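One structure is given here, and the rest of the page talks about it.
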Amino acid sequence: MSDDLKIPLLDELEKGPWPSFVKDLKTLAPKKPMVRDLLRQLEKSYQDKRGYWKHGGLVGVLGYGGGVIGRYSALPDEFPGVSHFHTIRVHQPSGWFYTSEALNELMDIWDAHGSGLLNMHGSTGDLVFLGTVTDELEPTFRDLTARDWDLGGSGSDLRTPSCCVGPARCENACYDTLELVDNLAHRFQDELHRPMFNYKFKIKAAGCPNDCVAAIARSDFGIIGIWKDNIQVDQAAVAEYVDSGFNVKEFVVDNCPTGCMSLEGKELKIDDSNCVKCMHCINLMSKALSVGKERGAALVMGAKAPIVEGALLGSVIIPFMEIEEPFEEMHDLLERIFEFWDEYGKARERIGECIERIGLASFLEQIELEPLPQMVTQPRDNPYIFYEEYYEEE
Amino acid sequence: MAGEISVEQLADEMYGVVAENAGMKKMKAGDLTKAMIAKFGDQVSKQDCKSAIKLLIDSGRCVYGYYGGSSIELPRTEGAAN
């Protein structure tokens, strides 16, 4: 570390037991002037209590409308190393599985063209390259695509679909999340790279209701694995839990949200018709309980974090769909949804907000789905009920 | 009927709309599509418009921009870069 890098406020962040990004940046700073100026600008921001970044809106690579987020320093004369500090989103492999060879390949590309700083991974799921200049965008893109990598989504487009590790590492997976997400990313390439929507559209695929990718809260279109039949119970394994001193009644039975299970001696009985698939019992007794055999996914729509409007959770639009190749039912549904949004959505309005504005009934009619009880999220609070269709029939 | 207007002609028309609105209104892909359907009616389809936008961007005559939402713009050096 050079002596003239005076960053006392950032130095404070290195104290304490946790890993510090400042330590990482300091390691890179002697080799990368960009990182050195990044530290200096950040120190100034801490001193002045204001940010010094400007958002760029035009930088990108030819043909793509997403994948690059422009950033510029508001103080380029003082911090020339970060006068340009663009971010590149690299499309992550399904389930974030990398080989060491693949990671080395990516790091070599980024060392050659950018700051060397990474974010593994951004909240949408992409591997994020942090910090490069405009002239290095096309060469970086060229090197990435030459090795079969691609950019992820950004702006008003389909964001890079993401999924949990699925059947690769998890026995709870009710469908092949990895295969589905890979398929959707290839099927909707134009939607991913050429912004044509009113705003962003996120797809997340979780293999089971544990929802490790937070599809219910963070995706416009969530695919959450679920089963139709009964939880599989291995009563001998249940007895082993009881014999081992594990308090099945206190930790499992009494915590069932619908009270649909009971322990009789060493036998666990489940009223599956009242099970809401919360996964609590399966998570706690994974040796004895497992998801059912008739597997598929529930589709939810409309979740988002608070940006323009407040946060929304996803609502069920299809309670159960079998998820199998070639995934045509899923493609058709998504195309109908995109068509609807194109027709009725407003600028910077997420699809969940659009559905709230025009009403679920109209949305379902437009995308050609029949209303079902599972779509009801709360009791009606409007006392004025009009049965116009019935009047017309009379 | 859709397809009566060539994709190249549509791209030229779209370029005209983008140029006319430059500095005044950010034109989104949807805005351009609606403008073309309003002008040519059922002589063009949404797919024709998609192809025209692709042509417009891939030729470098227009670029994608992002200011809160994505838009299609004339290439230029942005102010933030100065």
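Details
- Consider region A:60-80 and keep the residues that are open to solvent by less than 30 Å² (accessible area, probe 1.4 Å), assigned to a loop (DSSP other than H, G, I, E, B) and touching a strand residue (DSSP E or B) at 6+ places or on another chain (Cβ under 6 Å). The one that is nearest to the other protein chains (Cβ to nearest Cβ) is A:G65.
- Selection of first residues in region A:175-189 that are within 16 Å of A:D211 (Cβ to Cβ) and of second residues that are modelled with pLDDT of 95 or more and basic (K, R), restricted to Cβ pairs under 9 Å at least 6 apart or on distinct chains, gives the following pairs, ordered by first then second residue: A:Y175/A:R295; A:V181/A:K204.
- The residues of region A:115-169 that are part of a loop (DSSP other than H, G, I, E, B), farther than 15 Å from A:G66 by Cα and open to solvent by 10 Å² or more (accessible area, probe 1.4 Å), listed by number, are A:G116, A:H121, A:S123, A:V133, A:R147, A:D148, A:C164, A:V165, A:R169.
- A:L127 under 14 Å from the mean Cα position of the chain (by Cα), within 29 Å of B:G60 (Cα to Cα), of a type in the set (A, V, I, L, M, F, W, C) and more than 14 Å from chain B (Cβ to nearest Cβ): yes
- Residue ranges of helices (runs of 4 or more DSSP H) in region A:197-287 with at least 2 members open to solvent by less than 60 Å² (accessible area, probe 1.4 Å): A:215-218, A:235-243, A:280-284
- Scanning region A:83-114 for residues that are over 23 Å from B:G60 (Cα atoms) and within 13 Å of chain B (Cβ to nearest Cβ) returns A:S83, A:F85.
- Here B:C49 meets the list (1) part of a helix (DSSP H, G or I); (2) of a type outside the set (S, T, N, Q); (3) more than 12 Å from chain A (Cβ to nearest Cβ); (4) buried (at least 17 other Cβ atoms within 10 Å of the Cβ) almost entirely, failing just condition (3).
- Residues satisfying the stated conditions in region A:170-192, i.e. surrounded by fewer than 24 Cβ atoms within 10 Å (Cβ to Cβ) and within 14 Å of chain B (Cβ to nearest Cβ): A:F188, A:Q189, A:D190, A:E191
- For beta carbons closer than 9 Å, sequence separation of 6+ or different chains, a first residue in region A:335-349 that is more than 9 Å from chain B (Cβ to nearest Cβ) and a second that is open to solvent by 90 Å² or more (accessible area, probe 1.4 Å) and among the charged types (D, E, K, R), the qualifying pairs are A:R336/A:E368; A:Y344/A:R357; A:K346/A:R357; A:E349/A:E309; A:E349/A:R357.
The values are calculated or read from the model by the stated rules, or taken from the named source; none is laboratory data. Just so it is clear, the structure is predicted and the values come from calculations on it, not from any experiment. Virtual Cβ from ideal backbone geometry, glycine too; neighbours counted across all protein chains shown. Only protein heavy atoms, including side chains, enter the accessible area calculation; ligands, DNA and RNA are left aside. Shrake-Rupley method; radii C 1.70, N 1.55, O 1.52, S 1.80 Å.
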